[in-house]
Amino acid sequence: MAAKLTRRSVVALGSAALAAPFLLRAAQAQEPLHIRFSAVFSDQDIRAEMMKKFVEGIGSGFRYEGFYGGVLFKQGTELVALQRGNLEMGNIAPQDVSNQVPAWSILTSGYLFRDSAHMTKFFASDAGAEMKKMAEDQLGIKILGPTFYGTRQVGLNTTKKVSVPADLAGVKLRMPGGEAWQFLGTALGANPTPMAYAEVYTGLQTGAIDGQDNPLPNVQNMKFFEVMKQIVLTSHLVAFDLLTLSKKVWNGLSPEQQKTVQAAADEAIAWSTAEHVKKEEALAASFKEKGLDVYAPDVEAFRAHVQKAYAESALAKDWPAGMAERIAAL
């Protein structure tokens, strides 16, 4: 039997119809914000655990999806994906920033930072704030903080002893693609060869490259030690990436959400940095036990050679006046 319509029921139905769009928008507003995160590091990396801690820190209101090993975006393409709105969050190399903001090439230069503590101190300083703002304003991103992942060392599948930069002459040293990375390889004295991170193991194994430069935790994660004969502790670059949100996502957060996200990032990054420092200390001995020759070259000779190469390069012309001195003074 059909329900009998009364004036009261008609009014009620009309009110419900009018309320429906508002209820729908309210429901949509309460849906968790979808954040896709892309990184080239593997899901076994300390930084993958860092992201778990970050997600725990931001709590409800967000739906996080992590894509590791470059499966969503290849190395070097994450920044453009953020800018185009194809990605919400990424672990961005400063070298990729310098491709669009040449002044940032100073932060990719060899022997700039003494250690992870010096790098962290820089980003917390006025000088660091200036560089972050420069990138954020020009690129449309929000930098949550630097993700230290170790100090880069040279690993070789050859047995020739390396003491000074001249000993790397002719060595095909894999470096990531891009001008900043390739210049660093040249400054070290080697013949830099661009190659995707995922292809390095095979490159070492087949002899397509003679070596690679990576922090020791990366050497372990990617098992490069299985196809190398020596590790030269040049300590030429305090390596860090940038935990980054698209500006559209950041601006869409409430002030309270922004505070929560930044605090979660700060805590997760601090934990990850401490874990990397501890791991580096243990890995050198571990690789020696595996049969690799692990030793320090004449680091001061490498430092002088690299810094001279940068000072005389076209890259240095784009550096903010006095920034290198401000960093050194911290």
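Note on region 185-231: residues that are of a type in the set (A, V, I, L, M, F, W, C), touching a residue at least 60 places away in the same chain (Cβ under 8 Å) and not in a helix (DSSP H, G or I) total 5. Report, by residue number, each residue of region 56-87 that is assigned to a helix (DSSP H, G or I) and open to solvent by less than 50 Å² (accessible area, probe 1.4 Å). Of everything in region 56-87, those that are assigned to a helix (DSSP H, G or I) and open to solvent by less than 50 Å² (accessible area, probe 1.4 Å) turn out to be G57, I58, E78, L79, A81, L82. Considering region 277-291, and only residues there that are in contact with a strand residue (DSSP E or B) (Cβ under 7 Å, 6 or more places away or on another chain) and at pLDDT 95 or above, the residue that is most open to solvent (accessible area, probe 1.4 Å) turns out to be K288. With respect to the conditions (1) more than 28 Å from Q100 (Cβ to Cβ); (2) of a type outside the set (S, T, N, Q); (3) surrounded by fewer than 23 Cβ atoms within 10 Å (Cβ to Cβ), I231 falls short on a single one, namely (3). Considering region 186-215, and only residues there that are within 19 Å of the chain's Cα centre (by Cα) and open to solvent by less than 10 Å² (accessible area, probe 1.4 Å), the residue that is farthest from T108 (Cα to Cα) turns out to be V200. The set of residues in region 292-322 being open to solvent by less than 30 Å² (accessible area, probe 1.4 Å), within 16 Å of L112 (Cα to Cα) and not aliphatic (A, V, I, L, M) consists of F302, Y310, S313. Flag not set for Q182, criterion: within 25 Å of V299 (Cβ to Cβ) and not in a helix (DSSP H, G or I).
Of all the criteria given as (1) under 22 Å from the mean Cα position of the chain (by Cα); (2) open to solvent by 40 Å² or more (accessible area, probe 1.4 Å), the one not satisfied by Q257 is (1). Annotation note: Cβ proximity below 6 Å between a residue of region 270-293 that is farther than 18 Å from A239 by Cβ and a residue that is surrounded by 14 or more Cβ atoms within 10 Å (Cβ to Cβ) and of a type in the set (V, I, T) (sequence gap 6+ or interchain) occurs for K288/V294; L292/I231. Residues that are in a helix (DSSP H, G or I) and open to solvent by 20 Å² or more (accessible area, probe 1.4 Å) within region 124-174 comprise D126, A129, E130, K132, K133, M134, E136, D137, Q138, A166, D167, listed in sequence order. Residues that are over 17 Å from W319 (Cα atoms) and of a type in the set (V, I, T) do not occur anywhere in region 102-114.
Restricting E275, E280 to those that are farther than 30 Å from S60 by Cα, within 18 Å of the chain's Cα centre (by Cα) and in a helix (DSSP H, G or I) reduces the list to E280.
Exactly one residue out of L72, L33 is more than 12 Å from the chain's Cα centre (by Cα) and farther than 21 Å from A264 by Cα, and it is L72.
The values are calculated or read from the model by the stated rules, or taken from the named source; none is laboratory data. These figures come from a predicted structure and were not determined experimentally. Note that we place each Cβ from the backbone using ideal geometry, even for glycine, and neighbour counts take in every protein chain shown. Note: accessible area is taken over every heavy atom of the protein model, side chains too, but ligands, DNA and RNA are not part of it. Shrake-Rupley method; radii C 1.70, N 1.55, O 1.52, S 1.80 Å.
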